[in-house]
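A quick write-up on the structure given underneath.
The values are calculated or read from the model by the stated rules, or taken from the named source; none is laboratory data. Treat the numbers as computed from the prediction; the structure is a model and nothing was measured. Positions of Cβ are generated from backbone atoms using ideal geometry, with glycine treated the same way; all protein chains shown enter the neighbour counts.
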Amino acid sequence: MNRILLFVIAFAVSNSFAQQMLHCGSDEMESKLFQEHPEYKQAFLRSRKKLETFTKQFQESSTKSGATYTIPVVFHIIHNNGAENINDSQIFDAIEQVNLQYRKQNPDTNQIVSAFQSIAADAGIEIRLAQIDPNGNCTSGITRTVSPLTYTGDHQVKSLIHWPPEKYLNIYVCFDAAGLAGHALMPAVADTIPEWDGIVIRHDYVGTIGTSDYFRRTVLSHEIGHYLNLYHIWGGNNVPGFYYLPVGNAGNCAFDDEVTDTPNTIGWSSCNLNANSCSSLDNVQNYMDYAYCALMFTEGQKVRMHAALNASVANRNNLWTPANLAATGTDDLVSQLCEAKFETSKQIVCQGDSILFKDVSSHGITSRIWNFESGIVNGSSSNDTAIVVYNQVGKFDVTLKVSNGLDTLELVLSDYITVIPNLGSTSGIVEGFEDNLAGFSNRWHVREVGQPFNWEIANTGFQSNQSIKITNFDGGSNQVYEFFSDPLDLSGFTSLAVAIDWAYAQQLASNTDLFRIFISNDCGENWLVKKTYSGTSTLKSVSQFMTTPFTPASLNEWASDTVIINGASNFTDHTQVKFRFESKGGNNFYLDNIRIGKLNELGLHEVGSGNMLEIYPNPSAKDGFATLKWDVNLNPGEIQLVDAQGRIMFEDQKVNAVDSYQVPLINLNSGYYFVIVKSLTGINSVPLILK
């Protein structure tokens, strides 16, 4: 697919493994671009002609350097605190994969079809993370920028941060890449619009680990091929006005990719190793095809990329010079120590479980010392990775001290690891959010999102003073906010009830915010969705759209539900419950009165079953009494007053009353309580607020 496109050569694939192509949208963007900037057209044609002339001369030259070309790179992670904010290890893996593929060192090169083994090339090109930034400061070669532009991933992301393209290859990792897996500027286009020079790639096509996988490892090599003036293998013309050659089109046999040893082909998006589309065997395993079984560049492609690296077009000839390698810290001299940093497989772990730590400090680390408070290290405490077992419950510090032989840096993260009990509590959970935020965080585990807002205490609730809130009105979209419980001992349960009250409004009919309830039986390694509420239907507690920040003004603007989770297989002695709100651009969300337990415990009842109790006044004044009345058929035998944390504050186990009872409210704090009545017919409850 070779055309001036959106000044992009795009590699598009589906999100599934069906290898179905996505629409790249280049025609539309190309037309718009030339309408708005007709001056680009002639400049591009001049740059392309200059480069192709130089390339032809370079190909005909009898003396070509056998040296390896090193290209300094910087990875710009453009994220909104979601999965696209991939860790450093995934970047390191991507660099390793590119270098294996360009140097023909990937272990599966022995699977190259025999007809092409003789021309499969060590391209003699490597990429290396920059160690010095444009201002001369030490850098990890990885930047992180928070921006909603991550969701589009078009050329706008380059306006956020762009290092000099004559010194660095700028690679942008985003949530999306303009609907593609990735896109790159070819040199003639980059020469015309240098501020757009670089590669944009989806986070889940970077390397083989983290959010990506082995199947997608070749996408970055493909895009770097375009960056170094390789067309798609089925050819075409990167000329304004020339028609687009879609992959697999029978007419593609009439066109060429400007490389003599790549047979003409229609192009493939499936791995047909016996394909013979243009009267000769197709090089389906080429990195510049779409077949996803790529293993090779040809010798001709190698020479063409080397020509691009020696041409002045887009200043590719400056990237690998000794002066630039020294300026970017990518030469072979002693590395500068920038930062002590580590990554972990998890930060919250059950008692007795292990955590993998990895040192990702930069640069040139020759020695390190780990210190894990209350942790037991399997093996040496000086390796770049450490497996640590935690047998004590609590919050613990982690310290890493690194050295490059000249300088030393130390990183101390306080209360970084949280260890929760392996065996669950036998009691249920009642949470009314009547405490402050610190109290809530001590009872629940809140997932950090790296944003200035997360779950927060709101001064409104359902029959209470407070609830917990997500400021969703102006909080952006595609964010995930969640918190989960310590383990509960639910062994022997056949059903579990989870009751909640909530309030939510849409801004627009298209808002698809979600609220979900999960359980886990393996200390949070895996979570099973047990109920989903959708912003377009079951999540709405008010029918009208709210174009200003929503705050529930009455009880009628709240909704309630009790979720019944059945099946003994769901329950263990360490089952956890998680609540997640997924922002999609709607309005604020409020959650109140979580009750988790057996259906007839802690006041849980199926919605619509009717209320057999009432209490008044409600709210009541503390240090007084509240009158509890019940249906004459209830015949209570025991009454309890329980606070929002499930603690029994008052109990009468021998009730002798016909239809009412005076509940004492002496020496109690203001807040949210339940009055629970146990009888021969079951357990019922009613909420009570103390002012």
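Within the bounds of segment 516-530, is there any residue that is under 22 Å from Asp435 (Cα atoms) and surrounded by 19 or more Cβ atoms within 10 Å (Cβ to Cβ)? The answer is no; no qualifying residue exists. Within segment 613-635, residues that are in contact (Cβ under 8 Å) with a residue 24 or more places away in the chain have Cβ atoms under 6 Å from residues that are basic (Lys, Arg) in these pairs: Glu614/Lys629; Pro619/Lys691; Ala621/Lys691, counting only partners at least 6 apart in sequence or on another chain. For segment 559-592, filtering for residues that are in a loop (DSSP other than H, G, I, E, B) and of a type outside the set (S, T, N, Q) leaves 6. Restricting segment 206-234 to residues that are touching a helix residue (DSSP H, G or I) at 6+ places or on another chain (Cβ under 8 Å) and within 15 Å of Ala291 (Cα to Cα), the residue that is modelled with the lowest pLDDT is Trp234.
Do we find a residue being under 30 Å from Val446 (Cα atoms), acidic (Asp, Glu), out of contact with any Lys or Arg (no Cβ under 8 Å at 6 or more places or on another chain) and outside the structural domain of Gly124 (by TED's automatic domain parsing) anywhere in segment 398-412? Checked segment 398-412: no residue is under 30 Å from Val446 (Cα atoms), acidic (Asp, Glu), out of contact with any Lys or Arg (no Cβ under 8 Å at 6 or more places or on another chain) and outside the structural domain of Gly124 (by TED's automatic domain parsing). Is it the case that Thr548 is more than 22 Å from Phe433 (Cα to Cα) and either in contact with a strand residue (DSSP E or B) (Cβ under 7 Å, 6 or more places away or on another chain) or of a type in the set (Ser, Thr, Tyr) (or both)? Here the answer is yes, as Thr548 does meet what is asked. Out of curiosity, is Val259 of a type in the set (Val, Ile, Thr) and within 33 Å of the chain's Cα centre (by Cα)? Criteria not met by Val259.
Here segment 151-188 is the region considered, the condition is being out of contact with any helix residue (DSSP H, G or I) (no Cβ under 7 Å at 6 or more places or on another chain) and in a helix (DSSP H, G or I), and the residue that is nearest to Ile127 (Cα to Cα) is Ser159.
When each of Asp154, Asp122 is tested for being more than 30 Å from Asn80 (Cα to Cα) and not hydrophobic (A, V, I, L, M, F, W, C), the lone residue that passes is Asp122. If you go through segment 429-480 and keep only what is of a type in the set (D, E, K, R) and more than 16 Å from Trp558 (Cα to Cα), you end up with Glu431, Glu434, Asp435, Arg443, Arg447, Glu448, Glu456, Asp474.
Counting only residues that are among the charged types (D, E, K, R) and surrounded by fewer than 19 Cβ atoms within 10 Å (Cβ to Cβ), segment 134-164 holds 1 of them.
Report yes if some residue within segment 108-115 is more than 24 Å from Ser147 (Cα to Cα) and acidic (Asp, Glu); otherwise report no. Within segment 108-115, one or more residues are more than 24 Å from Ser147 (Cα to Cα) and acidic (Asp, Glu).
One residue is enough: does segment 456-471 have a residue meeting the conditions in contact (Cβ under 8 Å) with a residue 60 or more places away in the chain, of a type in the set (Phe, Trp, Tyr) and more than 25 Å from Pro487 (Cα to Cα)? Within segment 456-471, one or more residues are in contact (Cβ under 8 Å) with a residue 60 or more places away in the chain, of a type in the set (Phe, Trp, Tyr) and more than 25 Å from Pro487 (Cα to Cα). Selection of segment 545-583 for residues being closer than 17 Å to Ile519 by Cβ and of a type in the set (D, E, K, R) yields Asp561, Asp573, Lys578, Arg580. Within segment 191-217, being of a type outside the set (A, V, I, L, M, F, W, C), in contact with a His (Cβ under 9 Å, 6 or more places away or on another chain) and without any contact (Cβ under 8 Å) to a residue 60 or more places away in the chain holds for Glu195, Gly198.
Annotation: of all residues in segment 373-389 being assigned to a strand (DSSP E or B) and more than 27 Å from the chain's Cα centre (by Cα), the one that is surrounded by the fewest Cβ atoms within 10 Å (Cβ to Cβ) is Asn378. The set of residues from segment 328-349 being more than 17 Å from Asp133 (Cα to Cα) and either small (Gly, Ala, Ser) or part of a loop (DSSP other than H, G, I, E, B) (or both) comprises Ala340, Lys341, Ser345, Lys346, Gln347.
Condition first: crowded, with 22+ Cβ neighbours inside 10 Å, out of contact with any Ser or Thr (no Cβ under 9 Å at 6 or more places or on another chain), at pLDDT 95 or above and in a helix (DSSP H, G or I). Can you find one or more residues in segment 311-327 that meet it? Yes, segment 311-327 has at least one match. Of the residues examined, Ser47 is one that is hydroxyl-bearing (Ser, Thr, Tyr), modelled with pLDDT of 90 or more and either buried (at least 22 other Cβ atoms within 10 Å of the Cβ) or assigned by TED's automatic domain parsing to the domain that holds Ile125 (or both). May I ask you to verify whether Arg447 is in contact (Cβ under 8 Å) with a residue 40 or more places away in the chain, assigned by TED's automatic domain parsing to the domain that holds Asp561 and surrounded by fewer than 18 Cβ atoms within 10 Å (Cβ to Cβ)? When the stated conditions are applied, Arg447 does not pass them.
Is it the case that some residue within segment 543-558 is in a strand (DSSP E or B) and within 24 Å of Asp474 (Cα to Cα)? No, segment 543-558 has no match at all.
Residues of segment 291-339 that are among the hydroxyl-bearing types (Ser, Thr, Tyr) and farther than 16 Å from Pro165 by Cα: Tyr292, Thr298, Ser335. Among residues of segment 283-297 that are over 16 Å from Asn106 (Cβ atoms) and in contact (Cβ under 8 Å) with a residue 12 or more places away in the chain, those with a beta-carbon under 9 Å from a residue that is among the aromatic types (Phe, Trp, Tyr) and surrounded by fewer than 24 Cβ atoms within 10 Å (Cβ to Cβ) at least six positions away or on a different chain give the pairs Asn283/Phe116. If you check Gly300, Gly364, Gly352 for being part of a helix (DSSP H, G or I) and either acidic (Asp, Glu) or surrounded by fewer than 21 Cβ atoms within 10 Å (Cβ to Cβ) (or both), only one passes: Gly300.
Condition first: part of a helix (DSSP H, G or I) and out of contact with any Asp or Glu (no Cβ under 6 Å at 6 or more places or on another chain). Can you find one or more residues in segment 254-273 that meet it? Looking for residues that are part of a helix (DSSP H, G or I) and out of contact with any Asp or Glu (no Cβ under 6 Å at 6 or more places or on another chain), one finds at least one in segment 254-273, hence yes. Scanning segment 81-95 for residues that are touching a helix residue (DSSP H, G or I) at 6+ places or on another chain (Cβ under 7 Å) and part of a helix (DSSP H, G or I) yields one hit, Ala94. Taking Leu337 as the residue in question, decide whether it is surrounded by fewer than 17 Cβ atoms within 10 Å (Cβ to Cβ), outside the structural domain of Gln117 (by TED's automatic domain parsing), under 30 Å from Tyr168 (Cα atoms) and not β-branched (Val, Ile, Thr). In short, no.
Is it fair to say Lys346 is closer than 30 Å to Arg368 by Cβ and under 36 Å from the mean Cα position of the chain (by Cα)? Against the criterion (closer than 30 Å to Arg368 by Cβ and under 36 Å from the mean Cα position of the chain (by Cα)), Lys346 qualifies. When you scan segment 471-492, do you find a residue that is more than 30 Å from Asn391 (Cβ to Cβ), outside any loop (DSSP other than H, G, I, E, B) and more than 22 Å from the chain's Cα centre (by Cα), even just one? For segment 471-492, residues more than 30 Å from Asn391 (Cβ to Cβ), outside any loop (DSSP other than H, G, I, E, B) and more than 22 Å from the chain's Cα centre (by Cα): absent.
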